[in-house]
Every structure is written in structure tokens, then in C-alpha cells.
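Before any comments, here is the structure.
The values are calculated or read from the model by the stated rules, or taken from the named source; none is laboratory data. Because the structure is a prediction, the values reported are computed rather than measured. Cβ coordinates were reconstructed from backbone atoms using ideal geometry, including for glycine residues, and neighbour counts include every protein chain displayed. Heavy atoms of the whole protein, side chains included, go into the accessibility calculation; ligands, DNA and RNA do not. Shrake-Rupley method; radii C 1.70, N 1.55, O 1.52, S 1.80 Å.
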Amino acid sequence: MDGHMLGIESDRLKTAEAKEIDPLALLDHLNLGVLVCEIDTDHGCLILTANKSAQNLILIDSNLVNQADPGSAALAKSMTLDDIPVLEFGEPLLSEFHRALRLQRPVQYEWQIESIDSTKTYSCNITPLDQSGVAKPRILCTLTDKTTEKRAQANLLHHALHDHLTGLPNRSHFLNRLEDEVARCKNEEGRSCAVLMLNVDRFQLINEGFGHPAGDAFLIEIADSLRACLRNSDLLARFNGDEFAILIDDIQSLDDATGLAKRIHEMMAAPRKIAGVDAYMSVGIGITTSEISHKHAEDMIRDADVSMHRAKKRGPSKTIVFAAETNAVRTGQIQLETDLRHAIENGDLELHYQPIIDLENGNSIAFEALTRWHHPIHGPVSPARFIPMAEESGLILPLGRWAMMEACQQLAAWQKSIKNTQNIYVNVNMSAVQLLEDDISRTVAHCLAQSGIEGRNLRLEITESALVANPEFTARCLHEIKELGPTLALDDFGTGYSSLNYLNSFPIDCIKIDQSFVGQVDRDEQSSKIIRIITMLADTLRMSVVAEGIETSEQHVMMRSLGCRYGQGYLFSRPLPKDDATAHLRKQFK
Ligand code: C2E
Ligand code: MG
Ligand code: MG
């Protein structure tokens, strides 16, 4: 349709066939609002014609409509934009009319009318009509109600940018805002912002202990409490699960961010009702600021995330501020993690076996299997370095399964090739992560079945931290393992929580006293008193005691006199490669 040539009185409508039909009445059949207006510099905008749809859309007062034919396109008297209630917001529309006239071509306009309870959106097509023969310029404006479509679009957009559980902005939303803020900080001298990453400590306990609905309710409550700690201009987002992010823009100093972290820890310190139970929850917080020159928003999030993970490793309610050098360390660690993954896949790890000695007769009764990694470039990497890394990355699951299988098969080989070794057992270290995340009793059953060794010949070493992480769940796992035959040792006793409670609540067979205690026993009276209490308690509970890290004969003698029956340490033997361990066994059972 040629808009320039459009005229409501057009000759084209007055063809012989159309003579009987009122062209204006025809417009009423259109599902499209049609307005014809005259632009009058004195009277503003005079509406000449409004079809039924237009009357309905913009609520033209029925009194103003031709009474003889209510709802018809013809208006009883002339009216202006101002006569129409919704058109008191008609100013922008009028200026678009003027624009179309100025340009002498059709213009598109999205007209939004906001009222208290709703926002209406009309798509308007404004076309200047043929000017010839008329004194004042006229406009044809078609109106389509786009309100529903707009709402659907806005809904979609909201869903794309918000977390459905808490209603908070999601990662994409956060990233968009942060990207703008990072750019602003680069351009405006002295402007900086901070990102806080938060993760709820031990959140999986809520899900596992009380069920997912309780976990969801808790997250909604946390979201509300966090919001209450923030200023209006701060942005709080939920990234996933129990991970939240906060952007504080325009900070004066790092104190703004650490102060907020402190307020959040204080807010978290109060008990919360979870499924009717008082629970004390906490968060780990990582902070970074734009002072460290970040190129992109993603870099800030990554750095805050690194610090948050470090904070969580330090224990509950900790905050760590990212330092630039962490990044370099992190990069090295990521490389090392990749190398470890390959070492596991390629079978490059090895087990060394340290004899555990009966202190009364000097015989080896067992071997503790300890994983060794010889890195092709860095040489031997200490388990103190790669085990925590494996726990953090999840690699401990394949590593732990491998170590257990390898140790069981080695013992099977010894039992086959060396006579009278049927009572020798092998100790395998088991990380808390394996207990929580692996189907550990299945792994144990599989290793026993594949190697053919008896369950009683396998002892699993766990640390106290594994017991506290999720006591009920862990107790269930440990009982399941024990039903398969293996025994359990509590490793590094004395370094952790040393709660004597654990000894009673878990099916423990053996306590391994940590080497830091054993190392002091000949110098520090306090240590020897504690060791004495532990051995007496173990006797009562029918548990055996192993002293770790015996290095001198004095320590050996002291430990024996304090009632400790078994020990391991450099005094007797270092952890041995498998061939040396085989030779060691052969010597004893010759
Ligand atoms: P752990 O289970 O307490 O193992 C004993 C550690 O003490 C071993 O260190 C051992 O080499 C060392 N040791 C033994 N006797 C002496 C001594 O007389 N003096 C001194 N100073 N040290 C002694 P290693 O092999 O470096 O392992 C360190 C830790 O890494 C282990 O402590 C264990 O917690 C962990 N680990 C090692 N292999 C594995 C594994 O396959 N799985 C898991 N989950 N953890 C492992
Ligand atoms: Mg151990
Ligand atoms: Mg130990």
C-alpha cells in the first residue's frame, strides 16, 4: 500500500461497485485500530475517524461515538487526542505524528501507556495522508495491541536472566552488569568495584539430611537474608546450587567489601529452623576488587571463586581476599591437576608399602599402601600436595579406586607366592570425599571380588574430618563396609577434633596416633599422658593402637611402655616399592 497516496476520501473507494457500501463502516470490520487525525496547530490533534477496534483499544468514550450507529467509525463530533482518557499520555504519539509529517513517510512507533495496574503496549504505524486538497495535514494511524506479546517477551527475558527458585538474577544477568561495571572502572579514574562469591558450607548435609524441599526453602531464606545485608545499588545473584555472587559498585576501599563479608558472617551466625530443627549454617566468601586489573567480568568471577574455595578449605565462616599472585599459583595447579588426571589414566601412579610392626616382636603384621607420583618434569610430587588437589578436583575418586584395587591385588599376589601370609593385611587410605561421593561399599566389594582376598585382610584408614562431614551418612557407609569384612582405622588421631565421641559412634577397630604426638612422646610429658589415656580407652573399647612415625628407639620404647602395641615409622622401614616390600615379607616368612 502506498502510504503517500492514501486518502480516506479516495476515489478508489467510490467505484461503481462500492457505491452502496459505506467505506467507513468497512473499517469497523478490521481487527486493527484505525485512526485518522488532522493536525491542527491551534487545536492540537483532531480525530476525524476512529474505527471500532480503535475505540475499543484506546477506550474512546461511547458518548462521543455516533449514537445512531454506536461503535461505528464515524464520530458524532470532532474530538481531539486530549478527549480520550488513555490519551492524556498521548504527547509522545503526537510528536511521532509530527515526525511522520516532517519526514513525509510512514514511521513505526511502539507506544506504551503505563497506568497504576498495567502497562499497555501498542504498535503504531503512522502514515501521512495525501496532502492535496486539504488545508490541514492528516495522518493515518493504525494500532495493534501488543500487550500480551510484550508481556510474554518480558517473561521470557526474566526467566532467561533470573533464577527460578529465589527469583534472584542469575549468572548471565550478573555477568552483563559486571561487564558494564568493569568497563566503567577502566574508564573512570578512581572508580572500583568488588565481587564477592559465597558458597554455603556443608550445604549437601541439608539436602541429604532433610531432603531437597528443605534445601530449597533454606536457599530462599538465605537469598532474603543476603538481600537484607545489601545496599540498593548492590547486585545479588544466585549462580547455581548454594553459590551466590554479589557485585558492589563504586567502592571507596576494600573495607567496603570485607565489611559486607563480616556482616554476612554475623547474619549467618544465628540459628535457622530447617525442617523444625535449629541448624547453624555458615558461608565461605571469596573477594576480589577491580584494583587488580581484570580484563573481563569473567576474570573477576574466576578470582573471587578461587578465593572462595580457599576460604572454604580453611573451615567455616572464612573470607579470603584474592591476591594477584594466587593466580599464578592457580595456573600452575591447573596444569598439575591435568597432569595428575593423565597419570591416573595412563597408570603412572605407584603404591609404596610401609610395614606396620608388632612392637613386641618386631614382626610386620600389615602394610600401609601409600600412593606415589613421579612427575615426568617435576620428579616425585608429595602426597601432601597431590592428594588435597585430587580431593578438590574429584580425581580422588578414580585415584582411590585404583589404589584400593592395586593394594588388594598386591596382597593377593603375596598370599599366593609367600607361605603363611594369610593373616597379613593391607591398609588403604580413604578420603572423606570418597565416603561422601563414591559408592564406597560397592567399590570395596568389587576390589575384594576381583582380587580374591578376604575382607578381613583389608583395613581402611579414615580421618576424623571424614566422620564430622556427615556423621549419620558416614556411619551408614562404614557399617556397610564392615559387613563386607574389612576393618577400619582412625588415621592421624590427635590432630583433628579428637572427639572421643567418635570412637563410640563409629565402628572403628584401630586408632592410629598421629606422628606429631609420637614425635613428642620422649620430650613432652603432656603428650605421653594423652597417649596413655588413648591406649587405655582403646583397650576398653577393644580397639588396637598404632603409633605413626616412630623414628627413634626412644620413641619405640616409650610407646611400648604407654601400652601401644603396634607402630610404623622410619625406625623400622620407610614406605617400600612393591619389589622391596615383597623381599621384606619373604625375609619374615622364609
Ligand atoms: P598417612 O595416611 O598418615 O600416612 C603416613 C605418612 O607418614 C606417609 O606420608 C608416610 O610416608 C609418613 N611416614 C611414615 N613413617 C614416618 C616417619 O617415621 N617419619 C615421618 N616424618 N613420616 C613418616 P606420605 O606417604 O607422604 O603420605 C601423606 C599422606 O597422604 C598420608 O598420610 C595420607 O593421608 C595421604 N595419602 C597417601 N596416599 C594416599 C592414598 O592413596 N589415598 C588417600 N586418600 N590418601 C593418601
Ligand atoms: Mg594413613
Ligand atoms: Mg596418618
Requiring at least 1 residues that are under 25 Å from Trp402 (Cα atoms) and in contact with a Phe, Trp or Tyr (Cβ under 8 Å, 6 or more places away or on another chain), the helices (runs of 4 or more DSSP H) wholly within the range 414-521 are 432-437, 464-469, 471-483
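Conditions tested, residue by residue: (1) modelled with pLDDT of 95 or more; (2) in contact with a strand residue (DSSP E or B) (Cβ under 6 Å, 6 or more places away or on another chain); (3) within 13 Å of ligand 3 (Cβ to nearest atom).
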| position | (1), (2), (3) |
| --- | --- |
| Gly455 | yes, no, no |
| Ser465 | no, no, yes |
| Ser499 | no, no, no |
| Gly519 | no, no, yes |
Point to revise | Filter pass, Ser382 being hydroxyl-bearing (Ser, Thr, Tyr), within 16 Å of Ser573 (Cα to Cα), in the same structural domain as Tyr566 (by TED's automatic domain parsing) and out of contact with any Gly (no Cβ under 8 Å at 6 or more places or on another chain) | key: no
| query | Does at least one position in the range 500-519 carry a residue that is under 17 Å from Ile357 (Cβ atoms), open to solvent by 40 Å² or more (accessible area, probe 1.4 Å), of a type outside the set (D, E, K, R) and within 16 Å of ligand 2 (Cβ to nearest atom)? | reply | yes
Quiz item: Somewhere in the range 131-141, is a residue outside any strand (DSSP E or B) and aliphatic (A, V, I, L, M)?
Solution: yes
Out of (1) in contact (Cβ under 8 Å) with a residue 60 or more places away in the chain; (2) open to solvent by 20 Å² or more (accessible area, probe 1.4 Å); (3) of a type outside the set (Val, Ile, Thr), the one Ala366 does not meet is (2)
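Yes/no matrix, rows are residues, columns are (1) in the same structural domain as Arg314 (by TED's automatic domain parsing); (2) more than 25 Å from Ile320 (Cβ to Cβ); (3) over 18 Å from the mean Cα position of the chain (by Cα):
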site: Glu188; (1), (2), (3): yes, yes, yes
site: Ser192; (1), (2), (3): yes, no, yes
site: Arg202; (1), (2), (3): yes, no, no
site: Phe210; (1), (2), (3): yes, yes, yes
site: Ile220; (1), (2), (3): yes, yes, no
site: Arg231; (1), (2), (3): yes, no, yes
site: Ala245; (1), (2), (3): yes, no, no
site: Gly259; (1), (2), (3): yes, no, yes
Expected single match for crowded, with 18+ Cβ neighbours inside 10 Å, touching a His at 6+ places or on another chain (Cβ under 8 Å) and among the small types (Gly, Ala, Ser) among Ala223, Ala261, Ala237 is Ala237
Being in a helix (DSSP H, G or I) and surrounded by fewer than 21 Cβ atoms within 10 Å (Cβ to Cβ), is that true of even one residue in the range 271-293? no
Checked the range 408-458 for anything acidic (Asp, Glu), without any contact (Cβ under 8 Å) to a residue 40 or more places away in the chain and under 30 Å from Lys313 (Cα atoms); matches are Asp439
Of the residues in the range 535-552, those that are hydroxyl-bearing (Ser, Thr, Tyr) and at pLDDT 95 or above come to Ser544, Thr552
Given the condition within 30 Å of Thr371 (Cβ to Cβ), crowded, with 20+ Cβ neighbours inside 10 Å and over 47 Å from the mean Cα position of the chain (by Cα), answer yes or no: does some residue in the range 537-556 qualify?
yes
> When you look at Arg302, is it within 20 Å of the chain's Cα centre (by Cα) and open to solvent by 70 Å² or more (accessible area, probe 1.4 Å), yes or no?
Replying inline: yes
How many residues of the range 410-450 are within 16 Å of ligand 1 (Cβ to nearest atom), open to solvent by 20 Å² or more (accessible area, probe 1.4 Å) and closer than 22 Å to Ser364 by Cα? The answer is 3
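Yes/no per residue for (1) over 24 Å from Gly452 (Cα atoms); (2) within 16 Å of ligand 2 (Cβ to nearest atom); (3) out of contact with any Asp or Glu (no Cβ under 7 Å at 6 or more places or on another chain):
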residue	(1), (2), (3)
Leu336	yes, no, yes
His352	no, yes, yes
Asp358	yes, no, yes
Arg372	yes, yes, no
Gln410	no, no, yes
Thr421	no, no, yes
Ile424	no, no, yes
Glu437	yes, no, yes
Ile440	no, no, yes
message: Just to be sure before I move on: is Arg532 modelled with pLDDT of 90 or more and out of contact with any Asp or Glu (no Cβ under 7 Å at 6 or more places or on another chain) in the structure I sent?
response: yes
Within the range 240-253, residues open to solvent by less than 70 Å² (accessible area, probe 1.4 Å) and under 19 Å from Gly284 (Cα atoms) come out as Gly241, Asp242, Glu243, Phe244, Ala245, Ile246, Leu247, Ile248
Within the range 462-493, residues over 16 Å from Glu437 (Cβ atoms), within 14 Å of ligand 1 (Cβ to nearest atom) and either open to solvent by 20 Å² or more (accessible area, probe 1.4 Å) or of a type in the set (Phe, Trp, Tyr) (or both) come out as Asp492, Phe493
